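**Q** What follows is a single structure, and I will ask about it in a moment.
The values are calculated or read from the model by the stated rules, or taken from the named source; none is laboratory data. Everything quoted here is computed from the prediction, not taken from an experiment. Quick reminder, even Gly has a Cβ in these numbers, built from the backbone with ideal geometry, and neighbours come from all protein chains shown. Surface areas here come from the heavy atoms of the whole protein model, side chains and all, with no ligands, DNA or RNA. Shrake-Rupley method; radii C 1.70, N 1.55, O 1.52, S 1.80 Å.
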Amino acid sequence: MALSDTNQLPPPRHIAIIMDGNGRWAKKRGLPRTAGHAAGAESFRRIANYCRTLGVEYLTVYAFSTENWRRSQEEVAGIMKLLHRYLVEALADMEKNRVRFRFFGDLSRLTPELRRLCLDAERRSEEYDVQVNFCLNYGGRDEIVRAARAFCQEVAEGKRAPEELTEEVFSEYLYSSGVPDPELIIRPSGEKRTSNFLLWQSAYSEYVFMNVLWPDFTPKDLDQAIEEYHRRNRRFGGT
Ligand code: FPP
């Protein structure tokens, strides 16, 4: 397919992004890592707006993993502060922006204040269509274990029978219940790993790895990733 043809195709319904490279971006400039995350948050705003312009229905971003707690207290606090600020603004602009928020992850480890903002944002945006999913204190394996545990619990309580478990039923127990799987997963910064991101949901996703650091990621980079996605022949294991 010629490059120009791919621009005419509709974008993927669901794009997921591992927002990687904030620390290296800051280091290159002699800045603290938190400055990299602040620039990363700006990049997220820009790309989320652009996704909406393109007609992407779901955008899922890896904002904080279950492993990220191992970082310095200062860095963790910096990321939480950025999320806090973002959510306060998002709640204020909710009626104007009309974006639905979902949070994938165990929110119980967040401060009560941040957790309240997350739950408020979910509740107040329920009726909107374009959706952003923040993976927050999220791990793909953790998500699968929790889903398995929840299903087993229902079996133990007599609400479910083991033979009822299918891939579709299992999906309903994941944080992403009701959300279609991402067709495209983008990882900037040059790393080529999944890092425990959407392990179940990515079974048939196209991965695009790019060399740009997340704070430098522009709408043009997103266009390129989408073009790459369209060039690939998606067969779902068939011919
Ligand atoms: C990975 O880069 C990035 C994170 C662990 C945090 C991502 C968080 C944000 C972009 C801010 C969240 C706020 C909003 C509003 C979305 P890294 O620190 O691992 O970079 P490195 O690999 O270069 O060190």
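**Q** With every protein chain left in place and a probe of 1.4 Å, what is the accessible surface of L31, to the nearest 10 Å²?
**A** 80 Å²
**Q** Of the beta bridges DSSP finds with both residues in the chain, what % are antiparallel, to the nearest 5? Don't skip to the end; give the middle numbers.
**A** Values: 0 of 24 bridges.
The antiparallel fraction comes to roughly 0 percent.
**Q** Rounded to the nearest percent, how much of the accessible area of region 116-191 (1.4 Å probe, protein heavy atoms only) is carbon and sulfur? All intermediate terms of the calculation are to be shown ahead of the outcome.
**A** Details: 1830 of 3850 Å².
After summing per-atom areas, the C and S share lands at 47 percent.
**Q** Here's another thing I want to ask about it. For a Förster distance of 22 Å, can you work out the FRET efficiency between the beta-carbons of L199 and R232, rounded to the nearest 0.05? If you can, show how the numbers build up before the last one.
**A** Values: r = 21 Å, r/R0 = 0.94.
Given R0 = 22 Å and the Cβ-Cβ separation, E is 0.60.
**Q** How far apart, in nm, are the 7 Å Cα→Cβ label points at T218 and M80?
**A** 3.6 nm
**Q** How much accessible surface does D129 have with a 1.4 Å probe, in Å² rounded to 10?
**A** Ignoring ligands and nucleic acids, D129 comes out at about 130 Å².
**Q** Here's a follow-up. Just order 210-220, 162-172 by mean Cβ neighbour count inside 10 Å, highest at the front, would you?
**A** 210-220, 162-172
**Q** Which aspartates and glutamates, if any, have their Cα less than 14 Å from the Cα of K28, not counting same-chain residues under 8 positions apart?
**A** Those aspartates and glutamates meeting the cut-off are D216.
**Q** At N97 and V169, where each label point lies 7 Å from the Cα along Cα→Cβ, what is the point-to-point distance in nanometres?
**A** 3.8 nm
**Q** Ok, one more. Among all the lysines, which ones have a C-alpha under 24 Å from K96's C-alpha, if same-chain residues fewer than 8 places away are not counted?
**A** Those lysines meeting the cut-off are K81.
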